[in-house]
Amino acid sequence: MSQTADQPNAEQGTGDVPPHRYTPALAQRIELAWQDRWEREGTFHTPNPVGPLSEGFERVADRPKYFVMDMFPYPSGAGLHVGHPLGYLGTDVTSRFRRMDGDNVLHPMAYDAFGLPAEQYAVQTGQHPRVTTEANIAAIKAQLRRLGVDHDERRSFATIDPTYYKWTQWIFLQIFGSWFDERAGRARRIEELVAELDAGTREPGSGTNPFGRPWAELDEVEKRTVVDAHRLAYLHQAPVNWCPGLGTVLSNEEVTADGRSERGNFPVFRRPLTQWMMRITAYSERLLADLDRLDWSDSLKQMQRNWIGRSAGARIGFSVGDEVIEVFTTRPDTLFGATYMVLAPEHPLVEALTADAWPDGTDPRWTGGAATPREAVAEYQRQASRRSELDRQNEAREKTGVWLGVNAVNPVNGRELPVFIADYVLTGYGTGAIMAVPGEDTRDFEFAEKFGLPVIRTVQPPEDFEGGAYTGAGPMINSANDEISLNGLGKAEAIGRITEWLVARGAGEATVTYKLRDWLFSRQRYWGEPFPIVYDEHDLPVAVPQSMLPVLLPEVDDYSPKTFEDDDAESAPEPPLSRATDWTTVELDLGDGPKKYRRETNTMPNWAGSCWYYLRYVDPDDDERMVNPENERYWLGPRGEGDVGGVDLYVGGVEHAVLHLLYARFWHKVLFDLGYVSSEEPFRRLVNQGYISAYAYTDERGFYVPAAEVEERDGQFFHDGKPVNREYGKIGKSLKNMVTPDEMIGQYGADTFRVYEMSTGPLDQSRPWETKAVVGSQRLLQRVWRVVVDEETGGVRAADDMEPSEETLRALHRTIAGVRDGFGTLRFNIAIARITELTNHLTSAYGADRPVPRSVAEPLVLMVAPLAPHIAEEMWARLGHAESLAWTPFPVADERWLVEDTVQVAVQVNGKVRAQVTVPADADAGALEAAARADERIAGYLDGATVRRVVAVPGRLVNFVLG
RNA sequence: GCCCCCGUAGCCCAACCGGCAGAGGCAGGCCCCUUAAAAGGGUCCGAGUGUGGGUUCGAAUCCCACCGGGGGCACCA
């Protein structure tokens with residue numbers, strides 16, 4: 001039954017190595033043979049309940065389902081290093097273990113393939129991005145296959161496949177075709193909105209009707225404009241992140257804190273442009289609240305919470321003439337301390353509020369040196385728009401701003417508050433306007449100092465306070481008018497009281513705001529999904545009907561975007577698709593006869609394809625639907641009341657904490673609201689695998705030397721005989737410490753590589769790579785091999801007619817329990833340690849001359865299988881089994897051999913261990929104490945002393961507390 | 001500045017709900033096999049858990065402070 005031609009190790013030559021030792025060469029033969037057989041037999045095909053992939057489902061119908069997957073790779077041209085497979089191997093071990101243990105396991109893999117790097121690489125090489133991308137996918141597929149992973153190949157796809165992006169476009173249309181009903185707290189179809197507006201049971205949402213007439217009096221085009229403003233995918237003119245160096249706009253999530261592009265590190269500028277947006281903010285509360293229902297790490301949840309950035313506070317209106325400035329504040333209690341106001345430079349009221357002339361005696365610091373407020377404002381706005389995010393968010397920067405020449409009125413005391421614009425107030429957060437309270441806010445204090453504005457303290461600072469803004473706790477002061485006094489109150493109480501007062505006066509309300517902004521969804525790139533949108537004669541967007549999907553990406557001569565000098569803030573984006581002129585205009589019949597339409601020429605961002613790929617795994621070939629609902633319910637549906645459903649285990653890098661994971665959760669919730677999926681969340685459980693780093697070495701000049709050539713002697717490191725410095729960092733070419741899986745597989749085989757990677761720690765833990773330690777894993781597999789196979793003859797050593805000793809049985813069942821624990825908790829290192837112990841026990845108990853009982857050898861092989869599947873399959877076959885072990889039940893520990901008849905318990909005196917006694921395992925506290933007292937040494941301690949208390953924990957210990 | 005996570009042997013890591021700090025690997029010492037070698041076999045060595053307090057009969061584990069490392073957020077009102 002052996003999968004290898006049962007040839008001895010011919011390559012060893014000298015004859016010193018036993019002919020049937022598990023050498024790297026033998027490992028290679030075994031691995032390649034089994035990879036072929038798995039493919040040939042479809043060993044890892046996973047049946048669906050219904051549909052084209054349902055063949056064989058009856059075999060697994062009574063099994064629980066388990067859906068495990070990795071964050072799919074983006075196949076770049078650069079090769080893999082040993083850090084990359086860690087997560088893939090973690091899911092593979094889990095998948096193989098759960099299949100053996102009786103689950104119907106879905107473990108698929110696809111490829112993320114649209115996006116900037118592929119396009120940039122294509123531009124460099126002059127090849128079409130599809131060509132380079134498909135070559136990269138083929139390369140990575142081959143590498144994964146060589147690692148021996150058990151993906152169901154039939155469910156593999158790439159996001160660039162038209163059969164896939166057809167449904168990405170379809171989902172876009174569902175989002176475009178819906179709106180968020182605040183009252184219901186969920187998305188609904190846009191037709192239902194129109195019906196309610198027509199029926200008069202609903203008014204257009206605030207800010208959606210610019211026409212100043214009620215819905216019923218609007219014409220058709222005006223009505224469409226109002227409806228479009230409600231959609232979850234909508235066109236919006238607003239300042240966006242424009243990156244001239246990349247030639248595209250970017251989402252907030254793609255811009256780093258210092259105002260540069262996450263990819264390429266180019267400066268990013270704020271520019272007002274009309275772009276597609278996704279109304280993710282409508283889901284802020286649900287995205288935040290449902291984090292509590294997910295099995296994710298605290299740190300990851302924390303990152304999402306930070307990004308969503310909920311803050312509770314109040315909205316307060318300040319009158320300026322006929323206008324009202326709305327501000328958001330988390331400290332309404334400090335309202336009496338407001339001494340001026342600030343609007344963001346882009347605030348819509350700036351135009352209307354700005355005075356014609358400076359009043360007499362205007363402080364020259366307030367005018368920006370301009371002759372009139374209008375000039376000052378225009379100049380300041382111009383400067384602000386040119387400033388990159390980097391400049392603007394630089395905290396150390398001096399506060400700047402100009403006065404509008406008008407004053408607002410503080411509703412609490414009628415005080416006149418000069419109104420400024422300043423770029424330290426951001427357009428997109430809160431209302432884009434603040435009340436400035438320099439006494440209790442550091443930023444406001446800085447501004448007030450520079451502009452000579454008064455400071456009123458409303459919180460009593462402590463005695464030793466040194467000045468500046470006091471942001472700490474303290475009793476309220478200076479906060480009273482004829483109707484209300486906050487003086488003496490603490491912060492929480494003061495907030496409650498003043499909010500109540502504002503609400504009663506109609507001047508404010510309690511509210512919540514979020515840092516999360518809507519998702520900028522347009523990119524000026526070639527290599528992405530085209531929008532299924534055309535524009536009609538009114539320049540309004542119209543959905544391309546489902547029957548016309550996919551909207552195929554057209555061939556163009558030049559797929560590179562127009563890029564600009566990195567710092568050219570005045571430049572404007574120009575999508576490559578706009579140059580495909582025979583594609584951009586199209587004649588379609590969308591219901592009212594053939595008409596000319598103009599196509600949307602932006603493409604979707606890279607994140608679109610990765611937002612829903614987990615759904616497609618479930619039903620990869622369905623051309624009628626995104627996913628068959630019955631299969632979705634089976635693989636992703638909730639497992640009980642209140643369960644969110646979703647993928648059972650999702651493993652990937654922490655770098656996607658706020659991008660991919662937030663976007664995917666948002667899309668999923670929309671699809672849930674519209675009834676397309678039964679699960680509320682896409683990923684029930686998520687684990688971030690650790691990083692693998694490696695040592696790197698620098699010589700005395702500080703240059704990196706090849707890490708592979710460094711020798712260690714007595715804790716010192718040498719290269720070419722000269723001492724070098726050891727550092728620790730990312731694996732890669734720049735640190736000259738690159739190690740590839742291909743090298744390791746070539747040197748040891750995939751199984752050894754797998755065992756080594758899994759043995760270095762729990763999956764979520766980062767760890768160092770140490771090539772020299774890999775040999776430990778190889779030794780383990782060699783010892784396991786020796787338990788089953790005679791190295792001299794190649795014959796099977798397991799003995800059928802032998803019963804294992806009680807000691808061996810105890811060792812076996814302890815191992816089974818430990819291995820199950822390790823696999824179940826992603827602590828593969830523990831499982832490997834238990835297997836090592838058992839193997840060592842068998843080696844020493846049975847030695848070279850006595851065979852190991854089959855009833856022990858077989859479970860050992862099965863336990864090794866998830867970690868080192870090829871060698872395990874080979875041993876299983878040699879043990880006489882015709883079928884792959886992939887579907888063989890995983891060993892179950894027998895309780896009988898786990899409980900000891902007698903246990904050793906520690907005896908403590910005053911908490912210090914003084915003796916050990918052996919007692920029956922079921923000895924109760926009294927028996928324990930008696931046994932302990934009977935011990936000579938303990939008797940010595942107790943002699944003449946007063947025992948104040950005895951703590952006896954059955955099975956654990958006895959502690960005598962002496963008085 | 002705010003928030004989160006982590007500090008156990010020379011190194012990587014174990015220790016379930018507080019109960020004898022050690023399972024496993026690497027490195028190191030010794031022995032066996034070998035003419036010799038090693039990616040073979042065996043065996044031995046090793047820290048009192050970052051520091052200081054507290055709770056407890058008992059703390060690596062719980063609490064507080066500090067030190068060190070990693071990460072996230074940050075002109076977010």
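The values are calculated or read from the model by the stated rules, or taken from the named source; none is laboratory data. Please read all numbers here as calculations on a predicted model, not as lab measurements. We place every Cβ from the backbone using ideal geometry, glycine too, and count neighbours over all the protein chains shown. Surface accessibility is based on the protein's heavy atoms, side chains included, excluding ligands, DNA and RNA. Shrake-Rupley method; radii C 1.70, N 1.55, O 1.52, S 1.80 Å.
Could you tell me which residue of segment A:58-75 is surrounded by the fewest Cβ atoms within 10 Å (Cβ to Cβ), considering only residues that are more than 20 Å from the chain's Cα centre (by Cα) and part of a loop (DSSP other than H, G, I, E, B)?
Ranking the candidates gives A:D62 first.
Filtering segment A:760-784 down to residues that are near RNA strand B (Cβ under 7 Å from one of its atoms) and not in a helix (DSSP H, G or I), which residue is most open to solvent (accessible area, probe 1.4 Å)?
Per the stated criteria, the residue is A:Q765.
Could you identify the single residue in A:A865, A:A799, A:A811 that is in contact with a His (Cβ under 6 Å, 6 or more places away or on another chain) and hydrophobic (A, V, I, L, M, F, W, C)?
The match here is A:A811.
Looking at segment A:909-963, what strands (runs of 3 or more DSSP E) fall wholly within it and have at least 1 residues that are of a type outside the set (A, V, I, L, M), more than 12 Å from RNA strand B (Cβ to nearest atom) and open to solvent by 30 Å² or more (accessible area, probe 1.4 Å)?
A:912-920
When segment A:524-574 is examined, which residues are found to be closer than 30 Å to A:E222 by Cβ and open to solvent by 20 Å² or more (accessible area, probe 1.4 Å)?
The answer is A:E537, A:H538, A:D539, A:L540, A:V542, A:A543, A:P545, A:Q546, A:S547, A:M548, A:A572, A:P573.
Considering only segment A:106-218, give the helices (runs of 4 or more DSSP H) lying wholly within it that have at least 2 residues that are without any contact (Cβ under 8 Å) to a residue 24 or more places away in the chain.
A:116-125, A:129-147, A:190-199
Give me the residue from segment A:642-679 that is surrounded by fewer than 21 Cβ atoms within 10 Å (Cβ to Cβ) and of a type in the set (D, E, K, R) and, out of that set, nearest to RNA strand B (Cβ to nearest atom).
This residue is A:E655.
Of all the residues that make up segment A:331-358, how many are within 20 Å of A:G414 (Cα to Cα) and not charged (D, E, K, R)?
Total meeting the criteria: 12.
For A:V512, all conditions in the list (1) in a loop (DSSP other than H, G, I, E, B); (2) in contact with a strand residue (DSSP E or B) (Cβ under 9 Å, 6 or more places away or on another chain); (3) within 13 Å of RNA strand B (Cβ to nearest atom) hold save one; what is the number of the exception?
Every condition holds for A:V512 apart from (1).
Scanning for something in a helix (DSSP H, G or I), touching a residue at least 12 places away in the same chain (Cβ under 8 Å) and farther than 20 Å from A:Y164 by Cβ, does segment A:586-598 turn up at least one residue?
no
Limited to segment A:580-630, what total is found for residues that are among the hydroxyl-bearing types (S, T, Y) and more than 24 Å from the chain's Cα centre (by Cα)?
Residues in segment A:580-630 being among the hydroxyl-bearing types (S, T, Y) and more than 24 Å from the chain's Cα centre (by Cα): 5 in total.
Out of A:D150, A:D112, A:D101, A:D161, I need the residue that is under 22 Å from A:Q546 (Cβ atoms) and among the charged types (D, E, K, R). Which one?
A:D161
Take A:E711 and tell me if it is open to solvent by 20 Å² or more (accessible area, probe 1.4 Å), modelled with pLDDT under 75 and in contact with a Phe, Trp or Tyr (Cβ under 7 Å, 6 or more places away or on another chain).
yes
Looking at segment A:244-282 only, could you name the residues that are polar (S, T, N, Q) and either at pLDDT below 85 or closer than 17 Å to A:K562 by Cβ (or both)?
A:T248, A:S251, A:N252, A:T256, A:S261, A:N265, A:Q275
Scan (1) touching an Asp or Glu at 6+ places or on another chain (Cβ under 8 Å); (2) under 26 Å from A:A352 (Cα atoms); (3) of a type in the set (K, R) for the single condition A:R457 breaks and write down its number.
The number of the failed condition is (2).
Considering A:F703, A:F666, which residue is in contact with a helix residue (DSSP H, G or I) (Cβ under 8 Å, 6 or more places away or on another chain) and aromatic (F, W, Y)?
Result of the check over A:F703, A:F666: A:F666.
Does A:E900 satisfy the condition of being within 11 Å of RNA strand B (Cβ to nearest atom), within 30 Å of A:V788 (Cβ to Cβ) and either in a helix (DSSP H, G or I) or open to solvent by 30 Å² or more (accessible area, probe 1.4 Å) (or both)?
So A:E900 passes the test.
Loosely packed, with under 15 Cβ neighbours inside 10 Å and more than 10 Å from RNA strand B (Cβ to nearest atom), is that true of A:T740?
So A:T740 fails the test.
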